[in-house]
Amino acid sequence: MSDTIMAKPANIERKWYVVDAEGATLGRLAAQVAGILRGKDKPDFTPYVDNGDYVIVVNAAKVKVTGKKLDQKIYFRHSEYVGGAKYTTLRHMLATKPERVVEHAVRGMIPHGALGDSVYKKLHVYAGPEHEHAAQKPEALTLKY
C-alpha cells in the first residue's frame, strides 16, 4: 500500500529558472510559466501548498501574439476616481511597459487569493536580455511553444 505524498512548506526545495520569451507566443508562454510557478511539474504537487520554483522571464518585449490582438486587445485600469477609467492597447503596452504584458498574462493563470499572491511573487520579468539574479545561479529552461 502506497501513501499519497503531500508537500509540506518546510520540505520544499526551490530552483531558479530563466526563460527566454523571444519569439514565444504570449498565452502559451504564460501558461507554461504559471505551471512552473505553481509547482505542477513536480511529483509532490499539492493544490493548497506553494511548492513551485522561481522563474525569470527575459526579452519580454519580443513576445509575439497572433491575429489582430495588437490593436484589439485592451488592458483596463481605474484610478478609483469618478470617470477614471483608462484603456490601453497591447501595442502601446508592448512599446511602453512590456514586462506588464507578461506579468498580466501569468497573473490571470494562477489562483486568485493568498496562494496566488505567494506564487506570483516568484515571477521576475525583464524587457531585455539582462537580469539581476545571477547570484541565484538560474538554470536555462526551454519551453515548448
Inset, instruction - Hey, can you tell me all the residues within the stretch 1-51 that are of a type in the set (V, I, T) and surrounded by 13 or more Cβ atoms within 10 Å (Cβ to Cβ)? - result: I12, V18, V19, T25, V33, I36, T46, V49
Legend entry - Residues of the stretch 90-145 classified as touching a residue at least 24 places away in the same chain (Cβ under 8 Å), among the aliphatic types (A, V, I, L, M) and closer than 25 Å to G67 by Cβ, total: 11
Legend entry - Selected residue (criterion: farthest from K62 (Cα to Cα)) from residues of the stretch 77-115 that are outside any strand (DSSP E or B) and among the small types (G, A, S): G83
Legend entry - Residue under evaluation Y87, criteria (1) closer than 23 Å to L141 by Cα; (2) in contact with a strand residue (DSSP E or B) (Cβ under 7 Å, 6 or more places away or on another chain); (3) surrounded by fewer than 12 Cβ atoms within 10 Å (Cβ to Cβ), criterion not met: (1)
Legend entry - Every residue from the stretch 4-44 that is free of Cβ contacts under 8 Å to residues at least 24 places away in the same chain and either polar (S, T, N, Q) or in a helix (DSSP H, G or I) (or both): T4, A10, N11, G35
Inset, instruction - Taking K137 as the residue in question, decide whether it is under 24 Å from R14 (Cα atoms) and either crowded, with 18+ Cβ neighbours inside 10 Å or at pLDDT 95 or above (or both). - result: yes
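The values are calculated or read from the model by the stated rules, or taken from the named source; none is laboratory data. In this text the structure is predicted, and so the values were computed from the model without any measurement. Quick reminder, even Gly has a Cβ in these numbers, built from the backbone with ideal geometry, and neighbours come from all protein chains shown.
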